[in-house]
């Protein structure tokens, strides 16, 4: 069965970040349509959600790889700032137990300092300002 699926998908585009985004948004919109059941908004949400899901699967099974790749790259470039913001927040959250992150009082450069060293003098690598903080 797995080999048949691999043969079927050969030459097709497959799953990428834009497809995952379309699928998640489509499922959320279909779920919202159940909240607004019986109203015009619910019907529109239901139709829009299924259109997004169908377009997601169309992209996955498409043989026009160059066009799907271009669509994905456009999506990635337009969402770069949002994705990098959440990546930075996730990274800072992971480091919270082992490091403090302070901002330089003059240039606002973020500086990572290990925890548990007591009061230390921190020198900003960007502007060379020194300040004392508790780690």
Condition set surrounded by fewer than 12 Cβ atoms within 10 Å (Cβ to Cβ) and part of a loop (DSSP other than H, G, I, E, B), scope the range 108-135, selection farthest from the chain's Cα centre (by Cα): answer is 118
Return only the number of the condition from (1) exposed (fewer than 13 other Cβ atoms within 10 Å of the Cβ); (2) under 24 Å from the mean Cα position of the chain (by Cα); (3) over 30 Å from residue 5 (Cα atoms) that residue 45 does not satisfy. (1)
How many residues does the range 88-104 hold that are modelled with pLDDT under 90 and either assigned to a loop (DSSP other than H, G, I, E, B) or over 28 Å from the mean Cα position of the chain (by Cα) (or both)? 2
Looking at the range 53-64, is at least one residue modelled with pLDDT under 90 and out of contact with any helix residue (DSSP H, G or I) (no Cβ under 9 Å at 6 or more places or on another chain)? no
For the range 1-20, how many residues meet the condition of being in contact with a helix residue (DSSP H, G or I) (Cβ under 6 Å, 6 or more places away or on another chain) and over 20 Å from residue 51 (Cα atoms)? 1
Can you confirm whether residue 70 is under 21 Å from residue 83 (Cβ atoms) and out of contact with any helix residue (DSSP H, G or I) (no Cβ under 8 Å at 6 or more places or on another chain)? yes
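The values are calculated or read from the model by the stated rules, or taken from the named source; none is laboratory data. Note that the coordinates shown come from a computational prediction; the quantities given were computed from them, not determined experimentally. Backbone-built Cβ (ideal geometry, glycine too); neighbour counts: all protein chains shown.
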